[in-house]
Amino acid sequence: QVQVLESGGGLVQPGGSLRLSCTASGNIFTINRMGWYRQAPGNERELVATAAFGGSTNYADSVKGRFTISRDNAKNAVYLQMNSLKSEDTAVYYCYFDLNTFGSSRFDDFWGQGIQVTVSS
């Protein structure tokens, strides 16, 4: 079994910062890719940022230069530092881990429950 837990969301004023954290625990063997998606009301879920095991990162154009993704492999954790927040960043943010468990060669995505980020004055 794998559990994914997110934290760090909330309400922030435009121009402010927030840091999201997400950890995976359980019967984990290897984590390949970690990342963050978000979904605003009425919109489809969209990619925010991903970080591969080797360290390469990928960002949506809308967050480049403002958001930074990082990972701690020893802690099975991924973080999203969000700076210069805008109202259009308001959404539910979901983290995910692409991993396999002990005894299995298959990689699957495990998702967090989602955490609200609201940018408003």
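Throughout, read-outs are computed from the coordinates displayed, never taken from laboratory work. Source: prediction; values computed, not measured. Counting neighbours? That spans all protein chains shown, and the Cβs are built from the backbone with ideal geometry, glycine included.
Structure notes:
- Over the stretch 68-112, equivalent-ellipsoid semi-axes from the Cα gyration tensor in Å: 28, 13, 6
- Charge tally in the Cβ shell below 11 Å around Val2, where Lys, Arg are +1 and Asp, Glu are -1, Val2 excluded: -2
- In order through the stretch 43-59: 3J(HN,Hα) via Karplus (6.51 cos²θ - 1.76 cosθ + 1.60), integer Hz, x for Gly, Pro: 10, 7, 5, 10, 5, 9, 6, 9, 9, 7, 4, x, x, 5, 10, 9, 10
- Of the residues Arg106, Arg33, Arg45, the one that moves most in a GNM of the chain with alpha-carbon contacts below 10 Å is Arg106.
- Stretchable slack from Glu44 to Thr30, in nm (0.36 nm times residue separation minus alpha-carbon distance): 2.1 nm
- Rg over Rh for the stretch 1-51 works out to 1.03, using Cα positions for both radii and the Kirkwood form for Rh.
- Separation in nanometres of the label points that stand 7 Å from Cα toward Cβ, at Arg19 and Ser105: 4.0 nm
- Dipole in debye (nearest 20) - the chain, about Cα centre, beta carbon charges: Lys, Arg +1; Asp, Glu -1: 240 debye
- Farthest toward positive dipole pole in the stretch 1-78 [+1 Lys/Arg, -1 Asp/Glu at C-beta], among Ala74, Asn27, Leu47: Ala74
- With contacts taken as Cα pairs under 8 Å and at least 6 residues apart, the chain reaches a relative contact order of 35 percent.
- Cα convex hull, the chain: 95 Å³ per residue, rounded to a whole number.
- DSSP bridge analysis restricted to the chain gives an antiparallel fraction near 95%, rounded to the nearest 5.
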